[in-house]
């Protein structure tokens, strides 16, 4: 089965994705998207990892659930259209492994109840995650979830918006604090020289 790129959704993503990233932009972003998907317009520096099926095919080959990247190394990840028929691997565990503590995750999926998703996938569009399902997929992990205000109520109404966008943050690790240990004061032993003072 070929993987849909959802090219008809590019205009919508051009508006929603930058808004989801917010004002405090990370240094750079890793975009994981289908090989046929046009990238949304972003001023942010990014690297693209394109996939076909359950494997990444550009700029290197690997399984989506076994990314050859260091843990806690990526400041932000944009996951686009990975939850669709034909994608056999769920990359969310791996994405959270490579994401820095406090890092930003933006997940984009076509709305299964919108005619544009049906135009791309036909009847199998019903296998796309709906709004509650997309939230449950992320809620299984220890993530701080938020919804962009533009899509908060529109996503609740079936068929109203063609794109579902969810924003999450990987929790920061608490700082390790070493308790201070004070030694008991010890009195010096031995004889001190006696000083004699005479009153004037």
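The values are calculated or read from the model by the stated rules, or taken from the named source; none is laboratory data. These figures come from a predicted structure and were not determined experimentally. For neighbour counting, all protein chains shown are included, and Cβ atoms are generated from backbone atoms with ideal geometry for every residue, glycine included.
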For residue 105, which of the numbered conditions (1) closer than 19 Å to residue 121 by Cβ; (2) modelled with pLDDT of 95 or more fails to hold?
(1)
Does any residue of region 35-53 turn out to be touching a helix residue (DSSP H, G or I) at 6+ places or on another chain (Cβ under 8 Å), over 30 Å from residue 118 (Cα atoms) and surrounded by 15 or more Cβ atoms within 10 Å (Cβ to Cβ)?
yes
Looking at region 91-116, which of its residues are assigned to a helix (DSSP H, G or I) and under 19 Å from residue 52 (Cβ atoms)?
92, 94, 95
From the list 59, 132, 112, which one is surrounded by 15 or more Cβ atoms within 10 Å (Cβ to Cβ) and without any contact (Cβ under 8 Å) to a residue 40 or more places away in the chain?
112
Of all residues in region 66-87, count the ones that are touching a helix residue (DSSP H, G or I) at 6+ places or on another chain (Cβ under 6 Å) and modelled with pLDDT of 95 or more.
6
In region 72-90, how many are closer than 23 Å to residue 25 by Cβ and surrounded by fewer than 19 Cβ atoms within 10 Å (Cβ to Cβ)?
3
If I filter region 14-24 for residues that are at pLDDT 95 or above, touching a strand residue (DSSP E or B) at 6+ places or on another chain (Cβ under 6 Å) and either at negative phi or part of a strand (DSSP E or B) (or both), do I get at least one hit?
no
